Amino acid sequence: MTPMKEDYLKIIFELGGSHKKVSNKEISLGLGIAAGSVTEMISKLADEGLVVHEPYAGISLTAKGQKYAAELVRKHRLWETFLVDKLNYNFADVHSEAEVLEHQTSDRLAGALDEFLNHPKHCPHGGVIPSSKGKFPDVSHRLLADANDGETVELERFLDNHELLTYLEELKLRPDDRVKVIRHEPFEGPIVIEKPGSSQEVNVSYKAAHNIFIK
């Protein structure tokens, strides 16, 4: 399977495609590519029995697609955890390294790494780490972009994207942070937030706000 197909499976998994249908727009925003390219790749994945695409309803993973995606995500996030916790990598800089390592990781090595790390439940950017059997707990699929003005929410997890993580590092935002949504600027402008106890407003871009999950 090509790395691009694997990236699609992982992003659909992250967006909740194991439990619900996700849209072309969500995938497009998550991968930072044109919607037309998404349509073409989804068609290929559907032909391979990895996803189901219902026009005007959305895309979801098949059992085969979910198994493949969970295995990739597990190995990727175990390596991200190792790099941050044991090698002191920066929060935003682990994605590209883990992307390489996941493809060289046998199930046995993944199990040993999981044991060495004392069975972490989440990676550094808040994503769940599936078990060796592909099981994983339910997580929120509500986006920061969908929060109401005046609402205080907790940042649960960020999509695994180097550009996004670098951007959020600059904004000093991390999983588990509590923030208050001040307002949504019009015409796909930023979402303005502030941390409780701080009077300083932070502008989170429209695209980033669609890649941050809250609870």
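For region 1-48, the alpha carbon convex hull comes to 70 Å³ per residue, rounded to a whole number. Of interest is the spacing of the C-alpha centroids, which for region 74-94 and region 123-142 amounts to 15 Å.
Rg/Rh for region 133-215 (Cα atoms only, Rh after Kirkwood) is 0.98.
Rolled with a 1.4 Å probe across the full set of protein chains, the surface gives LYS21 an accessible area near 80 Å². About its Cα centre, the dipole of region 1-138 is roughly 380 debye, where the only charges are +1 on Lys and Arg Cβ and -1 on Asp and Glu Cβ.
When only alpha carbons are used to place a centre, region 159-179 and region 32-48 end up 27 Å from one another.
Rounded, prolate or oblate for region 123-178? Axes are the square roots of the Cα gyration tensor eigenvalues, ordered a ≥ b ≥ c, and the cut-off for rounded is a/c under 1.5. The shape class here is oblate.
Expressed as a whole percent, the accessible area of the chain that falls on carbon and sulfur atoms is 51 (1.4 Å probe). Using just the C-alpha positions of region 1-109 as equal point scatterers, what log10 of I(q)/I(0) does the Debye formula give at each q in 0.15, 0.19, 0.20 1/Å? One equal scatterer on each Cα of region 1-109 leads to -0.65, -0.95, -1.03. Take the alpha carbon gyration tensor of the chain, find the square roots of its eigenvalues, order them as a ≥ b ≥ c, and report rounded if a/c is under 1.5; if not, report prolate when a/b exceeds b/c, else oblate. Oblate, since a/c reaches 1.5 and b/c is not below a/b. Using a probe of 1.4 angstrom and keeping all protein chains present, the accessible surface of region 1-51 works out to 41 square angstrom per residue.
Taken over the alpha carbons of region 33-95 as equal point scatterers, the Debye sum produces base-10 log I(q)/I(0) values at 0.13, 0.20, 0.21, 0.24 Å⁻¹ of -0.53, -0.82, -0.84, -0.92.
Size descriptors for region 159-206 (Cα atoms only): Rg and Dmax, in that order, 11.1, 29 Å.
The values are calculated or read from the model by the stated rules, or taken from the named source; none is laboratory data. Bear in mind the structure is a predicted one, so any value in this text is a computation, not a measurement. Positions of Cβ are generated from backbone atoms using ideal geometry, with glycine treated the same way; all protein chains shown enter the neighbour counts. What goes into the accessible areas is simple: the full protein's heavy atoms, side chains included, and nothing from ligands, DNA or RNA. Shrake-Rupley method; radii C 1.70, N 1.55, O 1.52, S 1.80 Å.
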